[in-house]
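Asker: The structure's right below; bear with me while I get my questions together.
The values are calculated or read from the model by the stated rules, or taken from the named source; none is laboratory data. Here the structure is a predicted model, which is why all the values come from computation and not from measurement. No Cβ is skipped: glycine too gets one built from the backbone with ideal geometry, and neighbour counts run over all protein chains shown. Keep in mind that these areas ignore ligands, DNA and RNA; they rest on the heavy atoms of the full protein, side chains included. Shrake-Rupley method; radii C 1.70, N 1.55, O 1.52, S 1.80 Å.
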Amino acid sequence: MKTLDIVLPGLNEEGILASTVATLVDFMDTRMAAYDWRIIIADNGSTDSTPNIARQLAAEIDRVDYLRLEQRGRGRALKYAWGQSDAEVMVYMDMDLSTDLNALPALVAAVAEDGEDGYDVATGSRLKRGAEVIGRSPKREFISRCYSLIFRTMFFTGFLDAQCGFKAVNRRVAKQVLPLVEDTGWFLDSELLILCEKNGYRVFELPVRWVDDPDSRVRIFSTAYHDMRGLLRLRFGGLRRARQSLDRIER
């Protein structure tokens, strides 16, 4: 039985934390019983009652753990949680469960598979054929597709959607590639996928059903600016430095 850690990064999530964990626990019990799974709430600087709720959930549910970081940044929380984990497969998903959980078994299986059929990274996609996106504004859809075109043009990647908050990695990626990711915010997703694919790690892109969260805290234009800075950093030196570091690792 393979070990599986699922990380829920969160900031001020008092309104949805308990219901999200309850939904996820029920799904794992019924659909993912083939894995030795654990849910990790990674709180990065919440100032509401999120810490109290998370501690209570961890105390009441055996397979739920809680990590607290004082500094903010979704990427920082994810790097810390995955870095602490020794599971064979590690997943993260958005706290609002925007991605339909029915895609989770296929996401995990792609990374858990051994041999030539297995992948190092699996990512949900809202842009790949077969995906279903509900409630997304035309402005967000346009920006998402423009961003996809930009990073694919810059790095010739095979994947279309870098920023979907629904990813799985194996232990090798978590130990070898994740420490080289410099970003501590939203760009971590893009940086991790680009570093993996450009260094020979196998990436699997899975079309998903995704429902837009009208209460999303993602600031479109500031995030787009941050993403563009990240892409330029990778293009002009970052990718080369990561490749040199990975070349020194016996994979």
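Asker: Work out how much length Arg233 to Asp247 would gain on full extension: take 0.36 nm times their residue separation and subtract the Cα-Cα distance, in nm to one decimal. The partial results should precede the final answer.
Answerer: On the way: separation 14, 0.36 × 14 = 5.04 nm, distance 1.97 nm.
Full-extension gain reported as 3.1 nm.
Asker: Which value results for Rg/Rh of the stretch 1-118 when Rg is the Cα radius of gyration and Rh the Kirkwood radius based on the inverse mean 1/r?
Answerer: With Rh from the inverse mean 1/r over Cα pairs, Rg/Rh is 0.96.
Asker: On the protein heavy atoms, probe 1.4 angstrom, tell me the percent of accessible surface of the chain carried by carbon and sulfur.
Answerer: The nonpolar share, carbon plus sulfur, comes to 50 percent.
Asker: Beyond a 26 Å Cα-Cα separation, which of these cross-linked pairs lie in this structure: Lys139/Lys175; Lys139/Lys198; Lys2/Lys175; Lys79/Lys139; Lys2/Lys128?
Answerer: Numbers: Lys139/Lys175 37 Å; Lys139/Lys198 30 Å; Lys2/Lys175 17 Å; Lys79/Lys139 30 Å; Lys2/Lys128 29 Å.
From the list (Lys139/Lys175; Lys139/Lys198; Lys2/Lys175; Lys79/Lys139; Lys2/Lys128), the Cα-Cα distance tops 26 Å for Lys139/Lys175; Lys139/Lys198; Lys79/Lys139; Lys2/Lys128.
Asker: Could you order the peptides 113-120, 189-196 from most to least packed, using the average number of other C-beta atoms within 10 Å per residue?
Answerer: My ranking of the peptides, most packed first, is 189-196, 113-120.
Asker: Given the stretch 25-65, report the % of alpha carbon pairs whose separation exceeds 15 Å.
Answerer: So the pairs more than 15 Å apart make up 47 percent of the total in the stretch 25-65.
Asker: In square nanometres, what is one fourth of the surface area of the convex hull spanned by the alpha carbons of the stretch 130-251?
Answerer: One quarter of the hull surface, i.e. the mean projection, equals 7.7 nm².
Asker: While we're looking at this one, here's another question. Would you mind working out the accessible area per residue for the chain, using a 1.4 Å probe, and quoting it in Å²?
Answerer: Computed with neighbouring chains in place, this is 47 Å² per residue.
Asker: Still on this structure: Write down the Å³ per residue value for the convex hull defined by the alpha carbon atoms of the chain.
Answerer: 123 Å³
Asker: Separate question: For the chain, what does the helix formula give at 222 nm: sum of -39500 (n - 2.57) over DSSP H segments with n ≥ 4, over the residue count, nearest 500 deg cm²/dmol? If you can, show how the numbers build up before the last one.
Answerer: Values: 9 runs with 104 residues, N = 251.
Mean residue ellipticity, 222 nm, calculated: -12500 deg cm²/dmol.
Asker: Using only alpha carbons, build the gyration tensor for the stretch 1-50 and give me the equivalent ellipsoid semi-axes, biggest first, whole Å.
Answerer: 24, 12, 5
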